Amino acid sequence: MRRSDRPVRPGRGVPVDRRHGPAVVRRGPLPLLRRPVAAAGRELRARLYPPLAAVTNRWAEALGEDGFPTDHDELLARCAAVGQHKPTPLVLRYGPGDHNRLHQDVYGDLTFPLQVLIMLSTPDVDFTGGESVFVEQRPRQQSRPVVARPGLGEAVVFPVRYRPHRGARGVHRVQMRHGVSAVHTGRRHVLGIIFHDAR
Ligand SMILES: O=C(O)CCC(=O)C(=O)O
Ligand SMILES: [Fe+2]
């Protein structure tokens, strides 16, 4: 199958709730992906990949897992070999009331462990609300939230599923999910870059 510029699927991740009067309409943040954005997303993805692969390979070593190729084309070839052909970079648009439930962007057997979001709007000017939320789940502990408010053009790099943590009994996985708190006013645009393709 040819890789296309179409978004993977509407509202990557899990749908958000959006209230229209008395009815609750469930829909995801609107995926907007036009050709130039797709091309920019692909180039960014390839250029951001090598230093992140170096980090994930240190993680893999610490956790006793298999590592990842140092070249993004090689990762995409491995994705294709397991049926993951669809490109995943996506521009998401959130309007008032839109949010994104806590989720993990896993789209097949092959998951590259880090992903990136790049803020395309100016917080407090273009929108209010709409914080990026990350929740860590450590074994036998209560969940720990972390909130990020990237400015226009700023990026956040975060784990797709888990990160290594050195505890008293060695290195273990700390699970992580991410989402977005409700946008109160305005429009919030984000470029989401996931390095593995989707099934
Ligand atoms: O809009 C955001 O801050 C995060 C969107 C998201 O779920 C992603 O980029 O995977
Ligand atoms: Fe996501």
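Calculate the radius of gyration of the Cα atoms of the stretch 16-194 to one decimal place, then report Dmax, the largest Cα-Cα distance, as a whole number, both in Å.
Computed over the Cα atoms of the stretch 16-194, radius of gyration and Dmax are 17.3, 53 Å.
Counting other Cβ atoms within 10 Å, which GluC sites (Glu not before Pro) in the stretch 97-199 have at most 13 and lie in a DSSP loop?
For GluC sites (Glu not before Pro) across the stretch 97-199 that sit outside H, G, I, E and B with at most 13 neighbouring Cβ atoms in 10 Å, the list reads Glu154.
With every protein chain present, what accessible area does Tyr107 have (1.4 Å probe, heavy atoms only), rounded to the nearest 10 Å²?
It works out to around 20 Å².
Pulled fully out, how much extra length does the chain show between Arg169 and Arg47, if you take 0.36 nm times their separation in residues and subtract their Cα-Cα distance?
40.3 nm
At a probe size of 1.4 Å, how large is the accessible area of Arg138, to the nearest 10 Å²?
My reading of the accessible area for Arg138 is about 50 Å².
The values are calculated or read from the model by the stated rules, or taken from the named source; none is laboratory data. Keep in mind that this is a model prediction, so the values were computed, not measured. Quick reminder, even Gly has a Cβ in these numbers, built from the backbone with ideal geometry, and neighbours come from all protein chains shown. Heads up: the accessible areas ignore ligands, DNA and RNA and are worked out on the full protein's heavy atoms, side chains in. Shrake-Rupley method; radii C 1.70, N 1.55, O 1.52, S 1.80 Å.
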